[in-house]
Amino acid sequence: MRARHDSNGAAGGAAGWRWAKNKMVLGLLLGLCAAVPWSWAQETGVTDKTIRIGATIPQAGDYKVYGVLQKQALEAALAGQTVQKRSIELVVINDFYDPAKTVEAAKKLIGQGIFAMVHSFGSPTTRAVLPVLAESKVPAFGFYTGAAFTGPGDVLNFRASYAQEVETVVDAALAAGLKPTEVCAYVQNDAYGMGGVKGLRVALTKHPGTESTVARVDHILNLPGDNPERNGIGPVGVYQRDTTSAREGYQSLKKWETDSGTRCRLVVTMAVYDPAVAFMAYARYKGETWIFSSPSPAAGNQLQQMLKDQNIVGKVIATQIVPSPNSSLPVVVEARKALGSDLNYVSLESYIVGKLFVTIMQAIEGPLTRENFLKAARRQPYDIGGVKVDFTTDNQGSDFVLITVLRDGQFVIVTPQELAGLFK
């Protein structure tokens with residue numbers, strides 16, 4: 001009796017354990033499916049009706065001249081567009097081009113749930129925010145910076161780099177016969193400015209006998225910290241962000257002329273409008289005959305007008321990274337219709353970035369996930385109404401650089417060969 005009772009109890013216990021075990025496994029699986037239902041889960045920022053994206057762009061303060069146009073053009077490019085029957089919702093937070101505020105704004109956007117950060121503004125702000133985006137696996141797409149960031153995180157840059165803009169101008173100057181020691185730079189003392197100095201370095205290294213100059217440039221580039229003392233070292237003068245004081249940077253270039261026994265003939269600037277014009281006007285006041293160049297963030301009609309106000313009507317080169325707003329390319333025609341008199345080089349870039357984002361999203365194969373978005377971006381080149389973009393080999397979509405020269409107070413498009421004539 002006891003043996004039979006014990007045997008039945010053991011059998012019943014085993015059956016009970018199997019039942020409990022199966023129930024536990026089933027419960028665990030159901031719990032996992034409820035927590036992470038991979039087969040039907042929506043990516044962060046994606047709902048049945050919308051795809052939410054974010055941007056940190058200055059909408060007030062000294063840099064709203066960029067940000068207001070950026071937001072307007074980006075919204076115009078996204079208007080009426082759908083991706084897998086979903087509209088695109090853009091949420092913009094003003095960060096005043098202040099890295100600390102950018103980080104704050106990005107955290108807020110991430111908390112609201114965004115699929116990607118698209119076309120945020122600035123190099124120092126981008127440097128500050130990329131680690132935050134990387135931590136939450138939010139892609140950084142088409143930011144308004146040519147500092148050519150590759151990470152941390154997933155970064156896809158649309159525009160040619162600042163280094164490429166500067167390299168294009170310096171190559172033309174050296175081809176026209178300028179000596180490497182006659183090429184100097186005046187830049188903002190941060191990631192934005194150093195992006196241009198990198199272009200100067202690349203151009204110089206193509207020529208023999210530049211080792212000493214390149215060593216000084218390397219010293220400037222490799223100084224640690226966010227705001228080190230870079231004046232008085234080599235062919236570079238710097239100014240502090242959010243200031244227009246040109247004196248110290250100018251004196252740095254004069255020291256270089258003394259140390260190298262030569263003179264600056266071309267000064268490539270990597271500044272925004274006010275500091276760039278303040279420096280050029282100060283150099284002219286001091287009697288310098290230097291030729292200046294200005295990158296895309298401080299070029300176009302506004303630079304033209306500000307130089308005119310300082311009676312500067314020539315000897316200034318400006319590079320752009322999108323076609324002329326007067327171009328007949330389909331995307332430019334479309335942007336002109338959407339933006340009217342607000343179309344310029346800044347707003348055209350923003351419009352193209354918006355169109356590019358939509359095009360890649362529409363090319364996604366399968367669910368709308370960040371991973372599939374990145375795969376679609378890198379799978380093939382894209383043609384955005386005549387503007388070629390290719391992420392298949394690296395994270396920079398375009399290498400296009402347009403050269404303009406100030407003639408009689410007007411910026412006109414020139415070829416590198418025509419530009420060389422300016423230095424002869």
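No value in this document is a laboratory result; all are computed from the given coordinates. Note that the structure is a prediction, hence the values are computed from the model and not measured. We place every Cβ from the backbone using ideal geometry, glycine too, and count neighbours over all the protein chains shown.
Only lysines eight or more places from Lys137 in sequence, or on another chain, were considered; those with a Cα closer than 21 Å are Lys101, Lys107, Lys108, Lys375. Charge dipole (Cα centre; +1 on Lys/Arg Cβ, -1 on Asp/Glu Cβ; no other charges) of the range 370-419 amounts to roughly 280 debye. Model label points for Gln417 and Lys85, set 7 angstrom from Cα along the Cα-to-Cβ axis, are 5.6 nm apart. What is the sum of charges, Lys and Arg at +1 and Asp and Glu at -1, for the other residues whose Cβ falls under 14 Å from the Cβ of Ile51? Every neighbour counted, the sum reads +2. Each residue, Thr150 and Asp226, gets one label point 7 Å from its Cα in the Cβ direction; the gap between the two is 2.5 nm. Mean residue ellipticity at 222 nm, helices only, the chain: -15000 deg cm²/dmol; runs of at least 4 DSSP H residues each add -39,500 (n - 2.57), and the sum is divided by the number of residues. Helix 211-222 and the longest principal axis of the Cα set of the chain meet at an angle near 50°. The protection proxy used here, the mean number of other Cβ atoms lying within 10 Å of each residue, ranks peptides 227-234, 162-169 as follows, highest first: 162-169, 227-234. For Lys254 and Ala175, the difference between the fully extended length at 0.36 nm per residue and the C-alpha to C-alpha distance is 26.0 nm. Against the main long axis of the alpha-carbon atoms of the chain, helix 247-260 sits at an angle near 70°. A full extension of the chain between Thr392 and Lys315 corresponds to an added length of 23.9 nm, given 0.36 nm per residue minus the alpha carbon distance. Taking each of Lys71/Lys337; Lys206/Lys388; Lys206/Lys254; Lys198/Lys355; Lys49/Lys388 in turn, the alpha-carbon distance tops 19 angstrom for Lys206/Lys388; Lys206/Lys254; Lys198/Lys355; Lys49/Lys388.
Applying 0.36 nm per residue to the separation of Arg247 and Glu211 and subtracting their alpha-carbon distance, the gain on full extension is 10.1 nm.
The computed mean projected area of the Cα convex hull in nm² for the structure shown corresponds, within (1) 27.3; (2) 23.3; (3) 20.8, to (1). Distance between the modelled labels on Gln380 and Ser136, one decimal in nanometres: 3.2 nm (7 Å Cα→Cβ projection). Axis angle, to the nearest 10 degrees, between helix 330-339 and the longest C-alpha principal axis of the chain: 90 degrees.
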